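So the structure is just underneath, and the comments pick up after that.
The values are calculated or read from the model by the stated rules, or taken from the named source; none is laboratory data. Here the structure is a predicted model, which is why all the values come from computation and not from measurement. Here Cβ is always computed from backbone atoms with ideal geometry, including for glycine, and neighbour counts include all displayed protein chains.
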Amino acid sequence: MDISYIINELAEDRENYFNAVAPPIVQSSNFAFKTVDEMREAFADEYSALVYSRGRNPTVDILRAKLAALDGAEDCLVFNSGAAAIFAAVLSNVKSGDHIVSVDKPYAWAQKMFNVILPRLGVTTTYINGREIENFERAILPNTALIYLESPNSWDYAIQDLRAIAELAKAEGIVTVCDNSYCTPIYQRPIEMGIDLVLQSATKYISGHSDVVAGVLCGNKAMMTRIFNSEFMTVGSGIQPFNAWLLIRGLRTLPVRLEHITKTTHRVVEYLKRHPMVESVIFPFEESFPQLELVKKQMSGACGLLTFIIKATDILQIEKFCENLQHILMAVSWGGHESLIIPKCSGMKRSFFKSENPDHRMLRLYVGLEDAEYIIADLERGFLSLGIGD
Ligand SMILES: *Cc1c(COP(=O)(O)O)cnc(C)c1O
C-alpha cells in the first residue's frame, strides 16, 4: 500500500475538472440523462451509476476509493456518522432469530442498538470479554450470525486477537465486524487479518479537525453492494458532498498528524507515569499493558487516546483537576487538533462515586496536535490546583 499515492492522487481525475488540485464539491442532488435507455440502465443498478446523491455522488466516490484502498478493501461506503456505519454493518447481516456475540463495552450507541433496537427485531446479543479467544468459542450458538469487535476499545484499550477470531468465524460461517476507529488503517488493517467488515468513526482521525461527523464501512464488493442496495439506500444515511470533501482534505494530512501525535503521546505518557498523583496509565504500547504482545502482533502504532487513573479520595478533586485545565478542553470525541479530557465520573451521579474503585477515577485524555510542553504544562496546572505538582 502506497499511502502517499492513495491520499494525494488515487481517484482524482483532475483533467475532468479543470486540473484543479482540490477536487470539486459536486453539490447536486441528481444527475441528468440524455436518453431513456441510459436512464433505464442506471435505474437497474444505482450502485454502478450516478442517479441521485442519496446513492452515489462524484465527490463522495473519490473519498470512497481512497478509504477502501487505505483499508485494503474492495469497496467502501461512507455514512453521515460512525453510528450509522455500525447500524448498517450489523443490520444487514442479521435477521429475526439470529444471535450476535459482541465484545463487552462496545461503543455506547452500538450497545444501545444491541440492547434496545435489535431485541425488538428478535435478535439477541451475548457480551463477552474479548481478550480470550475461548470466550468466543464458548459464546457461539448454532444461530450466531455475527461477531462484533472493537479493537482497541476507547476507554481501557482491551483488544481482540483479530486473526484468530476471523479464522474461527470463517469456519462457522459467521460474519465479523470490527470497529477500527482507534487505530485507523494507518495503524491496523483488520481486512488483511480476515475480518469481513471494518468500520471507523471518520469523525475522529480521518476528519482530524473536529468539524465533521461521519463513518466509514469497508468490505468486499458483494457485501458492500448488498448493503448499498438495502440499508444504505433505505435509511438514507450517506455522507453529504461537502462533508466528504472535508474528509478528503483530512486524509491529506492523516499520516503526518498521527506521526506527530504518536511522538507527543509518548512524552505525555512518560510525564503521567512519573507523576505522584497518577496511580497508573493505560495505553496499548506501554510495558505495563496486559496485552502488549498481541498489540505488537496486530497494531503498528497507537496514539492520542490514553486513560490515566488519578489518586483521588474525593470526586471533587477530580472535578477540580479538570476544571483547572486551561487548554485541554472537556469534551467528548477525539482525533481532532485539540486535546480533550473526559473524567469517567462525569457519567455518574456524585453520590455513586467510590474512590476505592479505580474505574471511577479514570480520566480519558486525548492528545491533540499541540506541542507536548503545552499539554504537559496544562496537566501540571491541573495537578497543582490539587496542591501537588510534579
Ligand atoms: C465516536 C465513535 C463511534 C461513533 O462514531 P460517530 O461518528 O460519533 O457516530 C464509534 N466507535 C467508536 C470507537 C467511537 O469512538
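Residues in segment 6-23 that are within 14 Å of ASP71 (Cα to Cα) and either touching a residue at least 60 places away in the same chain (Cβ under 8 Å) or among the hydroxyl-bearing types (Ser, Thr, Tyr) (or both): 2 in all.
Residues in segment 105-132 that are within 24 Å of LEU292 (Cβ to Cβ) and either in contact (Cβ under 8 Å) with a residue 60 or more places away in the chain or not assigned by TED's automatic domain parsing to the domain that holds GLY173 (or both): PRO106, TYR107, ARG131.
Pairs only if they're at least six apart or on different chains, beta carbon under 6 angstrom, first in segment 61-77 and surrounded by fewer than 24 Cβ atoms within 10 Å (Cβ to Cβ), second outside any helix (DSSP H, G or I) and of a type in the set (D, E, K, R); list them, first residue then second. So the pair list comes out as GLY72/ARG189. Considering ASP45, ASP13, the condition of being farther than 22 Å from GLY236 by Cα and exposed (fewer than 12 other Cβ atoms within 10 Å of the Cβ) is satisfied by ASP13 alone.
Going by what's in this entry, would GLU323 be described as modelled with pLDDT of 95 or more and under 24 Å from THR265 (Cα atoms)? Here the answer is yes, as GLU323 does meet what is asked. Could we say that PRO343 is touching a Cys at 6+ places or on another chain (Cβ under 6 Å) and within 18 Å of LYS105 (Cβ to Cβ) here? Yes: the conditions hold for PRO343. ASP211 meets the conditions (1) under 17 Å from the mean Cα position of the chain (by Cα); (2) away from the ligand (no atom under 14 Å from the Cβ); (3) within 28 Å of ALA331 (Cβ to Cβ) in every case but one. The failed one is (2).
In a residue-by-residue description of segment 150-172, the property of being modelled with pLDDT of 95 or more, crowded, with 20+ Cβ neighbours inside 10 Å, under 13 Å from ALA89 (Cα atoms) and more than 13 Å from the ligand (Cβ to nearest atom) applies to no position. Scan segment 173-186 for residues that are away from the ligand (no atom under 14 Å from the Cβ) and closer than 20 Å to ARG252 by Cβ and the total you get is 2. Restricting attention to segment 85-102, does a residue exist that is closer than 25 Å to LEU292 by Cα, touching a strand residue (DSSP E or B) at 6+ places or on another chain (Cβ under 6 Å) and within 16 Å of the ligand (Cβ to nearest atom)? Checking segment 85-102: at least one residue is closer than 25 Å to LEU292 by Cα, touching a strand residue (DSSP E or B) at 6+ places or on another chain (Cβ under 6 Å) and within 16 Å of the ligand (Cβ to nearest atom).
From the list GLY194, GLY250, GLY238, the lone residue that is at positive phi and away from the ligand (no atom under 11 Å from the Cβ) is GLY194.
Test THR225 against the stated conditions and say whether it is more than 30 Å from ARG381 (Cα to Cα), among the β-branched types (Val, Ile, Thr) and free of Cβ contacts under 8 Å to residues at least 60 places away in the same chain. No: the conditions fail for THR225. Picking from residues in segment 303-332 that are under 20 Å from the mean Cα position of the chain (by Cα) and within 23 Å of PHE285 (Cβ to Cβ), the one that is surrounded by the fewest Cβ atoms within 10 Å (Cβ to Cβ) is THR307.
Here segment 333-390 is the region considered, the condition is being under 15 Å from GLN317 (Cα atoms) and among the hydroxyl-bearing types (Ser, Thr, Tyr), and the residue that is surrounded by the fewest Cβ atoms within 10 Å (Cβ to Cβ) is SER351. Close Cβ contacts (under 9 Å, 6 or more residues apart or on different chains) running from residues in segment 81-104 that are over 10 Å from LEU197 (Cβ atoms) and outside the structural domain of ASP161 (by TED's automatic domain parsing) to residues that are within 12 Å of the ligand (Cβ to nearest atom) and part of a loop (DSSP other than H, G, I, E, B) are absent. Looking across segment 17-37 at every residue that is of a type in the set (S, T, N, Q) and in a loop (DSSP other than H, G, I, E, B), the one that is farthest from the chain's Cα centre (by Cα) is identified as THR35. Of all the criteria given as (1) in contact with a Ser or Thr (Cβ under 9 Å, 6 or more places away or on another chain); (2) farther than 22 Å from PRO190 by Cβ; (3) not assigned by TED's automatic domain parsing to the domain that holds PRO190, the one not satisfied by ILE248 is (3).
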